[in-house]
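The structure appears below as structure tokens.
The values are calculated or read from the model by the stated rules, or taken from the named source; none is laboratory data. Here the structure is a predicted model, which is why all the values come from computation and not from measurement. Neighbour counts are summed over all protein chains in view; Cβ atoms, including those assigned to glycine, are modelled from backbone coordinates with ideal geometry. The protein model used for the area step is the full one, side chains on, heavy atoms only, and it has no ligands, DNA or RNA in it. Shrake-Rupley method; radii C 1.70, N 1.55, O 1.52, S 1.80 Å.
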Amino acid sequence: MNAPDGLPILEARGLTRRFGGLVAVDDFSFAVREGAIHGLIGPNGAGKTTTFNVISGFYAPTAGQVLYRGRDISGRKTSALAAMGLVRTFQGSTLFQEFSVLDNARVGRHLGARSGFLSRLLGADRASEAEADARARDALAFFGLEDLADEPVSNLPHGHQRMLGMAVALAAEPKVLLLDEPFTGMNPEETRRMMELVRRIRDDGVTVMLVEHDMQAVMNLCDIITVMNFGALLVEGAPDEVRNDPAVIEAYLGSATGNGGSGNGGSPNGGANGAGDAA
Amino acid sequence: MPDPAVAAPADGPVRRSFGRLRLVFLFAALAVLPYLLSYSQQEIAVLLVINVLLVSSYRLLTLTGEWSLGHVVIMGVGAYASALLAKRLGVPVPLSLLIGGCMAAGTAAILSFPLFRMKGFYFLIGSFAAGEIIRLIWKRFTDPFGGPKGLKRIDAFPDIDTGFLSIDFYEPVNYYFLALVVVSASLFVLYRIERSRIGLTFHAIHWQDRLAESVGVDTFRYRTLAFVIASFFAGIAGGLYAHYVGAVNPTRFSVDQMVYVLVWAIVGGTATFHGPILGVVVLTVINEMVLRGLGLDTARPLIYGAILILSVLYLPDGLESLGPRLRAWLQRRRGGPAAAGGEAA
């Protein structure tokens, strides 16, 4: 599944992002293999979300590079990255709440439904729009949302809204899908289903990178896990290696006591007793 | 607030032909209208038709979520450009009108580089500042803009004289029909844009610009596109105004006039295509028929302000929401509690 020249599909080299005096991401490097499900975890405030925002073009890096198929893409616009196949999702129910479910997915087809200004005006884009419509419905069907196509989004329960967020991203036909906390707020049944769907997306040839707090899901789903702490790389490896790494355990336990035991970060050993994390 | 323009399911053939029938009646009524009006009322009707285009073009910009305070100045760019082209360079008036629209669009394209680095309130203030700069240029450079006094004796539309048919566009009735044709064609284009994927994308940027960007929508380009199209039609409205009235000056395009556009749009409502048109028509009728009749027209800003406050308080979704509300209310009365849920959504 590796790229022909052996390059990783997505790579960060010495990535740094400062906000004033705060160094959110500090000389952080990682590489995502093509066809992998790659997890990015770390205690609260480790810099995961900032890393995600830099990779997906919302922030330019202060220093360092982001490489996509070996090309430097640091600081490019999010829309330009989407055109190259790098598409992200958002935490929570970031959707076009005022639209119908289908129209959300139709916006996701933006890049696939190109047409000139005049042909839009004259209605000559009918064929490409019909195709966009069909593809949007396919994306909804993948997540079992096809029967809700004409519902307003605001009527959907939270779990369905999370699914729709993924459907919008999938409609854009990504090569690399960046998932920002895809399991947050889902019940165990929904989490299990979503994990199954993420695997199917990967099997369809999409590389997946995700940030997630639900340790059980991360450990069961990911092929490789990068652990961040204080904006820098702590450990990287397969789930079993990461789970038993003393540095990881210390980072999480330290953070847990620091948080007064809020448990939001969860324990890396959550695979054994992490049911509470899914809540 | 669900947006009917986007959220509404596809119209059935019955509803569509019903809609077409309504449109035929509307145009029939508009064709008869000037003959029922006095001469001065006909003049007001011409300005009203022009203002319909002004406020409808403004709505296209608001689809992306940005409210500008420079729209009337952009209208002025079209007016000045078309007037100068006709006066100084002898460009035939229908053509100068089109070029005036393009100049307004070009001005917007240039302004979008500084302005769309801002959003929301900052964009509003930025657009105001940009508009004032343009107005100061008109005032400062007497040649060619005529300074504070502006331009006078602007060429009118050339008369059409084919022997047996002759149309003199100094006549308000004739200019009314000319403006009606231009404005109807423009509204049709604006409507098509909104119903196409371009309109969907504008709405998407309004509600979640980050999500739109993440699936490949270049939000800067689309905001610019909305601004440019809106400005083109504002420029056309400006040209129609200049060649009708025959004079333009910087005060005519001041922020006072912009406030009226905002009041029309807000009182009418901006969720639907017809909302702002409803606003400008109703407020003009109130202004010209009622206030003038009562001799209260000097109190116009006061009364407009009161109408704005009342409508924001008691009709926050604008006049456009009256129809659906009335229908829901009638249905409740007729069908009792069983039918209550149906149409109200």
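Residue by residue, here is whether (1) in contact (Cβ under 8 Å) with a residue 12 or more places away in the chain; (2) closer than 30 Å to A:Tyr59 by Cα; (3) more than 21 Å from the chain's Cα centre (by Cα) holds:
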residue	(1), (2), (3)
B:Ser127	yes, yes, no
B:Arg140	no, no, yes
B:Phe145	yes, no, yes
B:Pro148	yes, no, yes
Do any strands (runs of 3 or more DSSP E) lying entirely in the range A:1-94 carry at least 2 residues that are over 14 Å from A:Lys175 (Cα atoms) and aliphatic (A, V, I, L, M), and which ones are they?
-> A:10-19, A:22-32, A:37-41, A:63-68
Exclusive hit being touching a residue at least 24 places away in the same chain (Cβ under 8 Å), within 14 Å of chain B (Cβ to nearest Cβ) and of a type in the set (A, V, I, L, M, F, W, C), set A:Ala217, A:Ala172 = A:Ala172
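To keep it simple, each residue is scored yes or no on (1) more than 7 Å from every other protein chain (Cβ to nearest Cβ); (2) in contact with a Gly (Cβ under 7 Å, 6 or more places away or on another chain); (3) open to solvent by less than 30 Å² (accessible area, probe 1.4 Å).
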site: A:Phe90; (1), (2), (3): no, yes, yes
site: A:Asp103; (1), (2), (3): no, no, yes
site: A:Arg109; (1), (2), (3): yes, no, yes
site: A:Ala130; (1), (2), (3): yes, no, no
site: A:Phe142; (1), (2), (3): yes, no, no
site: A:Leu145; (1), (2), (3): yes, no, yes
site: A:Ala149; (1), (2), (3): yes, no, yes
Of the numbered conditions (1) open to solvent by less than 10 Å² (accessible area, probe 1.4 Å); (2) farther than 29 Å from A:Gln216 by Cα, A:Pro61 satisfies every one except a single condition; which is it?
-> (1)
Looking at (1) buried (at least 17 other Cβ atoms within 10 Å of the Cβ); (2) farther than 25 Å from A:Thr78 by Cβ, which is the only condition A:Glu196 fails?
-> (1)
May I ask you to list pairs of residues, at least six apart or on different chains, whose Cβ atoms are under 6 Å apart, with the first in the range B:205-226 being assigned to a helix (DSSP H, G or I) and the second being among the aromatic types (Phe, Trp, Tyr)?
-> B:Ile205/B:Tyr222; B:Trp207/A:Phe96; B:Phe220/B:Phe116; B:Arg223/B:Phe116; B:Ala226/B:Phe202
Given the conditions (1) within 14 Å of another protein chain (Cβ to nearest Cβ); (2) hydroxyl-bearing (Ser, Thr, Tyr); (3) surrounded by fewer than 21 Cβ atoms within 10 Å (Cβ to Cβ); (4) over 22 Å from A:Arg162 (Cβ atoms), report the number of the one that A:Ser79 does not fulfil.
-> (3)
Considering each residue of the range B:215-246, count those that are away from chain A (no Cβ under 14 Å) and crowded, with 24+ Cβ neighbours inside 10 Å, and give that number.
-> 13
Are any residues in the range B:179-212 open to solvent by 20 Å² or more (accessible area, probe 1.4 Å) and either charged (D, E, K, R) or within 7 Å of chain A (Cβ to nearest Cβ) (or both), and if so, which ones?
-> B:Val189, B:Arg192, B:Arg195, B:Trp207, B:Gln208, B:Asp209, B:Arg210
(1) out of contact with any strand residue (DSSP E or B) (no Cβ under 7 Å at 6 or more places or on another chain); (2) open to solvent by 10 Å² or more (accessible area, probe 1.4 Å) all hold for A:Val168 apart from (2)
Identity of the residue in the range A:40-58, open to solvent by 10 Å² or more (accessible area, probe 1.4 Å) and within 14 Å of another protein chain (Cβ to nearest Cβ), that ends up nearest to A:Gly85 (Cα to Cα) | A:Gly57
Taking the range B:63-87 on its own, how many of its residues are open to solvent by 10 Å² or more (accessible area, probe 1.4 Å) and farther than 15 Å from B:Gly239 by Cα?
-> 3
Within the range A:113-128, tally of residues that are in a loop (DSSP other than H, G, I, E, B), facing chain B (nearest Cβ under 8 Å) and surrounded by 12 or more Cβ atoms within 10 Å (Cβ to Cβ) = 3
Residue match in the range A:185-199 (condition: of a type in the set (A, V, I, L, M, F, W, C), within 14 Å of another protein chain (Cβ to nearest Cβ) and touching a residue at least 12 places away in the same chain (Cβ under 8 Å)) = no
